[in-house]
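Notes follow the structure.
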Amino acid sequence: MGSVGAERRRQATPVLTPEGNVVMSFSFESYQLEEEDCQAKDIPDKGVLTFTEPAFEEPMPDDRYHGIYFAMLLAGVGFLLPYNSFITDVDYLHWKFQGTSIVFDMSLTYILVALVAVILNNALVEMLSLHTRITVGYLFALGPLLFVSICDVWLEQFTTKQAYVVNLVAVGVVAFGCTVQQSSFYGYTGMLPKRYTQGVMTGESTAGVIISLSRIFTKLLIKNEKKNTIIFFFFSVSMELMCFVLHLLVRRTRFVRYYTKRSCHDHAEMRGHADPGTGYRVHHDASTEEDNGAVGASPSEFGNEVEIAGGGTYMRFDVPKPKIKKSWPSIRDMILHRYVVSRVIWTYMLSIAVTYFITLCLFPGLESEIHNATLEDWLPILIMAIFNMSDFVGKILAALPYDWKGSRLLLFSCVRVVFIPLFVMCVYPVGSPTLSHPAWPCVFSLLMGISNGYFGSVPMILAAGKVVPEQRELAGNTMTVSYMTGLMLGSAVAYFAYGIIANGSTPHAEALHNSTSG
């Protein structure tokens with residue numbers, strides 16, 4: 001009997017569970033754990049021992065040599081570089097479109113289109129893949145930049161009025177592409193560790209620094225206005241193309257795939273779509289062998305679904321993965337998801353909106369109208385360069401580990417409103433402003449840039465950490481909506497400020513022209 005029982009134990013017997021899965025009864029010739037355990041506890045040799053093979057998680061990858069961080073920094077460069085290229089050559093714009101509000105028009109066009117784009121991107125975040133949105137954004141940014149640099153600046157195919165419209169349309173297309181790209185990147189980096197969000201925002205300021213230095217050097221080295229502007233635009237196109245290629249490479253790295261897959265898995269698990277199993281299961285039912293012998297169907301009935309291991313060691317079979325039917329969420333669900341996220345991060349949303357509202361009231365519109373008879377058209381370029389460089393410093397400081405409370409962050413963002421009257425005194429009254437020395441706008445631009453870089457980055461960095469991992473991409477997109485709302489309202493106020501100084505701009509422009517000619 002003992003030998004017959006042992007022989008039975010060596011034979012694997014597959015059975016079907018009520019759920020339709022295959023269960024395999026078996027024994028191990030050299031595996032004595034069950035017998036020893038039963039003897040120790042004086043339990044009869046009947047029982048069930050079920051093994052589920054553990055899920056071996058992929059080890060957390062390391063960002064060697066900070067390559068991913070550098071790539072994210074260049075990503076930030078990529079989605080603000082085209083717009084900076086259009087507005088930083090303010091001397092060329094004033095030379096080509098004399099007596100117009102071209103800088104204000106570009107700024108307002110960019111902001112209005114960008115706000116529509118970020119709302120649309122926020123609505124489509126569950127419908128289109130992340131990298132599809134980013135790739136389309138890069139293509140929309142590169143096309144207009146290349147078109148204007150060749151057809152308008154180099155070949156001069158348009159009249160002055162046509163060129164004015166072409167530039168505004170190009171800025172609008174760039175605004176749509178770059179904003180979709182920017183909003184998607186904040187959701188993208190929200191799935192990565194916090195420092196990478198800071199890296200993207202530092203890249204935004206780096207774009208301003210690179211473009212400002214590019215404009216300064218091209219203007220210094222080449223005196224011809226047309227030639228130095230052509231070289232300036234071609235440099236911008238090359239930088240944008242490099243950022244695009246680098247993104248295509250980085251998205252395939254193990255580091256990025258690890259964090260994005262983990263976030264997607266958490267999201268699926270929250271919605272009940274994740275497979276808690278490991279893909280296959282091992283089962284041993286000793287009681288069925290001794291009571292009934294071979295129970296259920298023979299192995300031949302299962303065909304290839306049963307994999308019989310040699311030597312009678314164990315039996316392994318695949319567990320079918322559940323089929324997930326993809327469907328777009330309803331409008332009610334989309335609104336509810338955003339409401340839940342907004343309730344958690346509303347102070348950070350207000351903080352970033354107020355910060356950029358105050359900045360756009362003054363930059364680039366009002367700063368481009370600050371003139372000086374001595375520095376001539378160099379003063380607006382220098383003020384913008386100082387702002388971009390100090391903004392870069394502020395975003396680097398945002399990497400310092402300090403956990404701001406949302407209410408305190410909002411308070412410090414509101415204090416920056418003091419910059420509005422200070423800059424107004426640099427241009428009003430027109431012809432003899434209250435703060436006429438060029439050092440005043442330079443100092444104010446320095447302080448405003450540092451505070452903008454810091455208080456414009458910290459809310460975005462901290463907001464993603466306030467929600468669960470599966471909501472981080474949505475939190476990044478929601479923060480971008482607040483960011484763009486602040487930009488739009490700031491641009492509208494800048495137009496009002498331009499109306500104040502425009503009433504007396506003609507006498508001032510004539511006096512400046514006479515002093516330059518003399």
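The values are calculated or read from the model by the stated rules, or taken from the named source; none is laboratory data. In this text, all values refer to a predicted model and were calculated from it rather than measured experimentally. All Cβ positions, glycine included, derive from the backbone under ideal geometry; neighbour counts span all protein chains shown. Note: areas computed on protein heavy atoms with side chains; ligands, DNA, RNA excluded. Shrake-Rupley method; radii C 1.70, N 1.55, O 1.52, S 1.80 Å.
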Any chance residue 202 is touching a Leu at 6+ places or on another chain (Cβ under 9 Å) and either more than 30 Å from residue 481 (Cα to Cα) or at pLDDT below 90 (or both): yes
In the stretch 462-483, residue nearest to residue 183 (Cα to Cα) [restricted to those that are surrounded by fewer than 24 Cβ atoms within 10 Å (Cβ to Cβ) and among the aliphatic types (A, V, I, L, M)]: 481
Members of the stretch 115-138 that are more than 15 Å from the chain's Cα centre (by Cα) and modelled with pLDDT of 85 or more: 116
Some residue of the stretch 243-258 being over 26 Å from residue 460 (Cα atoms), modelled with pLDDT of 85 or more, open to solvent by less than 10 Å² (accessible area, probe 1.4 Å) and assigned to a helix (DSSP H, G or I): no
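Is one or more of the residues making up the stretch 375-398 over 27 Å from residue 92 (Cα atoms), in contact (Cβ under 8 Å) with a residue 12 or more places away in the chain and assigned to a loop (DSSP other than H, G, I, E, B)? Can you show your working first?
First pass over the stretch 375-398, keeping only residues over 27 Å from residue 92 (Cα atoms): 393-398.
Applying the additional criterion that residues be in contact (Cβ under 8 Å) with a residue 12 or more places away in the chain yields 393-398.
With assigned to a loop (DSSP other than H, G, I, E, B) added as a condition, the list becomes 398.
Looking for residues that are over 27 Å from residue 92 (Cα atoms), in contact (Cβ under 8 Å) with a residue 12 or more places away in the chain and assigned to a loop (DSSP other than H, G, I, E, B), one finds at least one in the stretch 375-398, hence yes.
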Helices (runs of 4 or more DSSP H) enclosed by the stretch 38-101 - at least 2 residues per element that are loosely packed, with under 13 Cβ neighbours inside 10 Å, of a type in the set (Phe, Trp, Tyr) and at pLDDT 85 or above: none
Meets criteria (within 24 Å of residue 473 (Cβ to Cβ), surrounded by 24 or more Cβ atoms within 10 Å (Cβ to Cβ) and touching a helix residue (DSSP H, G or I) at 6+ places or on another chain (Cβ under 8 Å)) for residue 117: yes
Enumeration of residues in the stretch 129-168 that are open to solvent by 40 Å² or more (accessible area, probe 1.4 Å), assigned to a helix (DSSP H, G or I) and touching a Phe, Trp or Tyr at 6+ places or on another chain (Cβ under 9 Å): 139, 140, 146, 150, 154, 160, 164, 165
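When only residues in the stretch 59-90 that are among the acidic types (Asp, Glu) and farther than 20 Å from residue 109 by Cβ count, which is farthest from the chain's Cα centre (by Cα)? It would help to see each step written out before you state the result.
So in the stretch 59-90, the residues among the acidic types (Asp, Glu) come out as 62-63, 89.
Checking the rest, the ones that are also farther than 20 Å from residue 109 by Cβ come to 62-63.
Working: 62: 20, 63: 18 Å.
For the stretch 59-90, the residue satisfying everything is 62.
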Selection count, the stretch 358-386, where residues are surrounded by 23 or more Cβ atoms within 10 Å (Cβ to Cβ) and over 19 Å from residue 102 (Cβ atoms): 2
Number of positions in the stretch 463-484 that are more than 14 Å from the chain's Cα centre (by Cα) and within 21 Å of residue 408 (Cα to Cα): 4
Selection from the stretch 173-197 of residues that are part of a helix (DSSP H, G or I) and either without any contact (Cβ under 8 Å) to a residue 24 or more places away in the chain or open to solvent by 10 Å² or more (accessible area, probe 1.4 Å) (or both): 173, 176, 180, 194, 195
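Tell me the residue from 429, 421 that is without any contact (Cβ under 8 Å) to a residue 12 or more places away in the chain, open to solvent by 50 Å² or more (accessible area, probe 1.4 Å) and not small (Gly, Ala, Ser), please.
Working: 429 fails: without any contact (Cβ under 8 Å) to a residue 12 or more places away in the chain.
Result of the check over 429, 421: 421.
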Members of the stretch 339-397 found to be more than 24 Å from residue 73 (Cα to Cα) and of a type in the set (Gly, Ala, Ser), listed by number: 342, 365, 368, 373
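Take residue 397 and decide whether it is at pLDDT 85 or above and either in contact with a Leu (Cβ under 6 Å, 6 or more places away or on another chain) or surrounded by fewer than 19 Cβ atoms within 10 Å (Cβ to Cβ) (or both). Please lay out each step first, then the result.
Values: at pLDDT 85 or above: yes; either in contact with a Leu (Cβ under 6 Å, 6 or more places away or on another chain) or surrounded by fewer than 19 Cβ atoms within 10 Å (Cβ to Cβ) (or both): yes.
It is true that residue 397 is at pLDDT 85 or above and either in contact with a Leu (Cβ under 6 Å, 6 or more places away or on another chain) or surrounded by fewer than 19 Cβ atoms within 10 Å (Cβ to Cβ) (or both).
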Checklist (1) farther than 14 Å from residue 455 by Cα; (2) open to solvent by 90 Å² or more (accessible area, probe 1.4 Å); (3) in a loop (DSSP other than H, G, I, E, B) applied to residue 435, failing item: (2)
Members of the stretch 206-220 found to be over 24 Å from the mean Cα position of the chain (by Cα) and open to solvent by 10 Å² or more (accessible area, probe 1.4 Å), listed by number: 213, 214, 216, 217, 218, 219, 220
